Amino acid sequence: MTPGPVPVPQKVLEILSEPMEHHRTPEFQAVLKRVLTKLPSVFGTSQPAFIHTSTGSGGLESALVNVLSPGDEVLSLITGKFGDRWAKMAEAYGAKVTRVVTEPGRAVTVEQVSAALQKNSNFKIVLCQACETSSAVLNPIKEIAAVTRKTQALLLVDGITALGAFPMPMDEWGIDCVVGGSQKAFMLPTGLSFISFSARAWERIETAKCPRFYFDIRKERKANQGGETLFSASVPMIKALEYVLSEIEKNGIESIQARVQKLAQATHLAGKELGLESFSKNPSPTVTALTVPDGIDGVKLRNEMENVHKVVIMGGQDELKGKIIRIGHMGAIENKDMLVTIQALGETLKRMKPETFTQDRIDRAVAACKKALG
Ligand SMILES: Cc1ncc(COP(=O)(O)O)c(C=O)c1O
């Protein structure tokens, strides 16, 4: 029940265990062609979408190296650990980074972005997480895209815990680049990242001076146009991706997104009944962060849930370690998984602080979860 890697469907496991095929074969090329035809619709774009054999961070690196020139001014909107890391990555490639850092648990506001863009007209790039997984914060990407569009800056969005899980139509909102990761809403193991660039970004790609090789998107595009990937393709993962994309097509992306939303709602309501506050003031549908109450050791809470109840959730990272717990809402999660999680959370809290976490509270939390799931 973590915000990634998520539980994967049984069929994905079966596809991943099929005999290995070579990637330069007509059979695999047909799979790749179908996948690359379907993938852009998840981004909401008419531009091509690409697959990198890398974790999500590779996709974030690809976004940067393809549009950045050393010395470029970059505005980095930071709502947690992953925003901070992307800013450092930009600096590693020679960007001059200005940071807007929010209070923990708060989303960046469009006013903050507007003010920063007005103060300095030299920004070439704006970086933002759609969902900052470390704090479960949802940022107002649509509004940020609208103000960024009025400037020369390109908006690059880390959609690793967003793409596919909630609506973020790239073309309609005017986003210049979105990055996704396989271990989130795509219900696959970790190992692929997905990326697409706007027409405006493609102009920049042609003139950007950053050194690039593995992630050179111009070469990847050329290879894809010829029916191949630039380097060896992760055949099993791309075959499993084809299955997931066909399921998305069959069931409709809206129904998958509604399911994510419903699981988030059920977690929030159950948390409320247990007396646990949402850490995020603008919670993401993909992950819920609950503040660990005073007198409870959050690390112990998480470990006990795993060791005693076999329910894996996440804790806080870095300075949030022990202070929050995080429950993910993406992937092949059934109602019973959600109910077991809430039950396990309640029982663990009860063992740790019985005077506060009574059986009555646990029962109410489970009932609220059940009702929300319908
Ligand atoms: C928002 C966000 N950005 C970046 C990353 C890093 O992705 P990866 O660990 O796949 O490289 C994660 C991972 O969870 C994430 O949630």
| task | Within the stretch 61-106, track down each residue that is within 13 Å of the ligand (Cβ to nearest atom), farther than 19 Å from THR207 by Cα and assigned to a helix (DSSP H, G or I). | result | LYS81, PHE82, GLY83, ASP84, ARG85, TRP86, ALA87, LYS88, MET89
| Looking only at the stretch 77-107, and only at residues there that are without any contact (Cβ under 8 Å) to a residue 40 or more places away in the chain and among the charged types (D, E, K, R), the one that is farthest from PHE123 (Cα to Cα) | GLU103
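Here's a check for you: in the stretch 284-299, which residue that is in contact with a helix residue (DSSP H, G or I) (Cβ under 7 Å, 6 or more places away or on another chain) and open to solvent by 10 Å² or more (accessible area, probe 1.4 Å) is farthest from THR356 (Cα to Cα)?
Ranking the candidates gives PRO285 first.
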| Restricted to the stretch 8-20, and to residues that are charged (D, E, K, R) and surrounded by fewer than 14 Cβ atoms within 10 Å (Cβ to Cβ), which residue is nearest to the chain's Cα centre (by Cα)? | GLU14
| message | Within the stretch 331-348, does at least one residue satisfy the condition of being open to solvent by 80 Å² or more (accessible area, probe 1.4 Å) and over 22 Å from LEU263 (Cα atoms)? | response | no
| field | Residue check, LYS272 open to solvent by 30 Å² or more (accessible area, probe 1.4 Å), touching a helix residue (DSSP H, G or I) at 6+ places or on another chain (Cβ under 8 Å) and within 20 Å of GLU103 (Cα to Cα) | value | no
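If I ask for residues that are among the hydroxyl-bearing types (Ser, Thr, Tyr), open to solvent by 20 Å² or more (accessible area, probe 1.4 Å) and within 16 Å of the ligand (Cβ to nearest atom), which ones from the stretch 188-221 would you list?
Listed by number, the residues that qualify are THR190, TYR214.
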| message | Being surrounded by fewer than 22 Cβ atoms within 10 Å (Cβ to Cβ) and in contact with a helix residue (DSSP H, G or I) (Cβ under 8 Å, 6 or more places away or on another chain) is true for just one of LYS88, LYS33, LYS96, LYS38. Which residue is that? | response | LYS38
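Suppose the filter is over 28 Å from ASN282 (Cβ atoms), more than 16 Å from the ligand (Cβ to nearest atom) and at pLDDT below 95; does ARG24 pass it?
yes
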| Before we move on, is ALA130 of a type outside the set (D, E, K, R), touching a His at 6+ places or on another chain (Cβ under 9 Å) and within 16 Å of the ligand (Cβ to nearest atom)? | no
| task | Return the only residue of PRO5, PRO40 being within 16 Å of the ligand (Cβ to nearest atom) and within 20 Å of the chain's Cα centre (by Cα). | result | PRO5
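Filter the stretch 355-372 down to residues that are of a type outside the set (Phe, Trp, Tyr) and part of a loop (DSSP other than H, G, I, E, B) and give me whichever is surrounded by the most Cβ atoms within 10 Å (Cβ to Cβ).
Ranking the candidates gives THR356 first.
The values are calculated or read from the model by the stated rules, or taken from the named source; none is laboratory data. Quantities reported herein were computed from a predicted structural model and do not represent experimental measurements. Virtual Cβ from ideal backbone geometry, glycine too; neighbours counted across all protein chains shown. These area figures cover heavy atoms from the full protein model, side chains too; ligands, DNA and RNA do not enter into them. Shrake-Rupley method; radii C 1.70, N 1.55, O 1.52, S 1.80 Å.
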